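A short worksheet on the structure shown next.
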Amino acid sequence: MTIDEVSRPGRVAAPGEAISAEELALAARNHSLPLEALRWEITPPGLHYLLVHYDIPMVDADAWRLRVGGLVDAPLELDLAALRALPARSVRVTMECAGNGRARLEPRPVSQPWLVEAVGTAEWTGVRLRDVLDAAGVRPETVDVVFTGADHGIERGVEQDYQRALPLSEARRDDVLLAYAMNGAPLLPQHGFPLRLVVPGWYGMAHVKWLVGIEAIDREFDGFQHAVAYRMRQSPDDPGEPVTRIAPRALLVPPGHPDFMTRTRIIRPGPLTLEGRAWSGRAPVDRVEVSVDGGGTWIAADLEPIGEHPWAWRRFTAQWRAEPGSHVLTARAVTADGEAQPADQVWSRGGFANNATQRIDVLCTD
Ligand SMILES: Nc1nc2c(c(=O)[nH]1)N[C@H]1C(S)=C(S)[C@@H](COP(=O)(O)O)O[C@H]1N2
Ligand SMILES: [Mo]
């Protein structure tokens, strides 16, 4: 075999082409949030979604170092003790994979086949990225700051370390963290032990795990995960806009109890409180609407106020008197800028940012 046979270009499935064993293998490694776990404000350990492009590296915490270099006055080499000695800060963040919603697209881009649940919320603790950039003396001519993970692989024929960058202004935001703890405990191996970047409001790909390097550069970063992946392309030669901030989304906790195979929900007739969570990395969510007839008619949900955690999802509830029969439940978030979740898919070749509304089949019976 050759590398080109092993590592093929991205492609879109043929009409009606089923999800392949390769996609199943990815889906079994990278799990989503079980929707019932939307009940928790902070996602319990192990239920946060997971996305790993290559392998989870086994990092020896004692030997590990973070190297900060490039356009800086004083290159740094920091161990965990040095990072923990800096002022600590916690931020509650809802993180979502940019590919969430991909498996529902028609035609379907062939990749990790997420439905709607590639999301989770955690309390991240660490040091401000800005404090570390200031300690290194990042020069003003810096354009992008590049983050390198300890993981390594091949993607569409290109061998690489996982790397993503942020513009300097974004990297210097008050709430961007180098996090060594998740929900008060050291990061788990799969979530980036011993250190990861956390960029509130951005899709998951920006939050580089297993961080080993930070480099200030004088140009826009053109690595694979920027120039090739994570762009909203309509065709292979479309340059596309980069994928950055999380589009608004509301998800309902499926009510009642499920059928094992179809996941159809069974509920009894009578009054019922529907609940869910809504978030956006763009303008804040202003309101959530719920529909029990597949988006034909909408009712306003009660939405928790923003409170102290502007980057975390917010709970909403709606009252419903269920009548016997079949129903399709859905919800949509609308931001303060008037951006509403669409009923129709948002299509791109990579299958990014498809925030089309959820659909839950419900059978109401005695
Ligand atoms: N080093 C590294 N960082 C990474 C990734 C990766 O494969 N390698 N995956 C990214 C993507 S695409 C997502 S969606 C998030 C997922 O974070 P989680 O697994 O902690 O939920 O991590 C991001 N950070
Ligand atoms: Mo992702």
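I need a count of the residues in region 219-232 that are within 19 Å of the chain's Cα centre (by Cα) and charged (D, E, K, R).
Qualifying residue count, region 219-232: 1.
Could you figure out which of (1) within 21 Å of ALA356 (Cβ to Cβ); (2) small (Gly, Ala, Ser); (3) more than 16 Å from ligand 2 (Cβ to nearest atom) isn't true of ALA27?
Single failed check for ALA27: (3).
Could you list, in sequence order, all residues of region 18-73 that are more than 16 Å from ligand 1 (Cβ to nearest atom) and touching a His at 6+ places or on another chain (Cβ under 9 Å)?
GLU41
Only one of these is surrounded by 15 or more Cβ atoms within 10 Å (Cβ to Cβ), closer than 21 Å to GLY70 by Cα, in contact (Cβ under 8 Å) with a residue 12 or more places away in the chain and away from ligand 2 (no atom under 16 Å from the Cβ): VAL91, VAL138. Name it.
The conditions single out VAL138.
Out of curiosity, is ALA27 under 22 Å from GLU155 (Cα atoms), in the same structural domain as LEU187 (by TED's automatic domain parsing), surrounded by fewer than 11 Cβ atoms within 10 Å (Cβ to Cβ) and among the aliphatic types (A, V, I, L, M)?
no
(1) at pLDDT 95 or above; (2) under 30 Å from ARG282 (Cβ atoms): which one isn't true of PRO45, the others all being true?
PRO45 satisfies all of (1) at pLDDT 95 or above; (2) under 30 Å from ARG282 (Cβ atoms) except (1).
Could you give every pair whose Cβ atoms fall below 7 Å, whose first residue belongs to region 158-174 and is under 17 Å from ASP134 (Cα atoms), and whose second residue is within 16 Å of ligand 1 (Cβ to nearest atom) and of a type outside the set (Asp, Glu), counting only separations of at least 6 or pairs across chains?
LEU166/VAL145; LEU166/VAL199; LEU166/ALA206; LEU168/VAL145; ALA171/LEU129; ALA171/VAL145
Restricting to region 39-78, and then to whatever is within 16 Å of ligand 2 (Cβ to nearest atom) and either outside the structural domain of PRO113 (by TED's automatic domain parsing) or among the aromatic types (Phe, Trp, Tyr) (or both), can you tell me which residue is farthest from the chain's Cα centre (by Cα)?
TYR54
Suppose we keep only residues that are within 14 Å of the chain's Cα centre (by Cα) and not β-branched (Val, Ile, Thr) within region 201-218. Which one would you say is farthest from ligand 1 (Cβ to nearest atom)?
Filtering region 201-218 for residues that are within 14 Å of the chain's Cα centre (by Cα) and not β-branched (Val, Ile, Thr), the one farthest from ligand 1 (Cβ to nearest atom) comes out as GLY201.
I'm checking my understanding of the structure. Among residues of region 231-245 that are closer than 24 Å to PRO107 by Cβ and touching a Gly at 6+ places or on another chain (Cβ under 7 Å), which one is farthest from ligand 1 (Cβ to nearest atom)? Before the answer, list the steps.
Quick first cut of region 231-245, residues closer than 24 Å to PRO107 by Cβ only: 231-243.
Next, only the ones that are touching a Gly at 6+ places or on another chain (Cβ under 7 Å) stay: 231-233.
Working: ARG231: 14, MET232: 15, ARG233: 17 Å.
Applying the filter and picking the extreme gives ARG233.
Of VAL127, VAL119, VAL198, which residue is at pLDDT 95 or above and away from ligand 1 (no atom under 11 Å from the Cβ)?
Result: VAL127 is the single residue among VAL127, VAL119, VAL198 that is at pLDDT 95 or above and away from ligand 1 (no atom under 11 Å from the Cβ).
Consider TRP347 carefully, then state whether it is outside any loop (DSSP other than H, G, I, E, B), farther than 30 Å from VAL91 by Cβ and at pLDDT 95 or above.
no
Looking only at region 233-264, count how many residues are over 22 Å from the mean Cα position of the chain (by Cα) and buried (at least 19 other Cβ atoms within 10 Å of the Cβ).
1
The values are calculated or read from the model by the stated rules, or taken from the named source; none is laboratory data. Bear in mind that the values here come from a model prediction, so they are computed numbers and not experimental data. Note: ideal-geometry Cβ built from the backbone for every residue, glycine included; neighbour counts use all protein chains shown.
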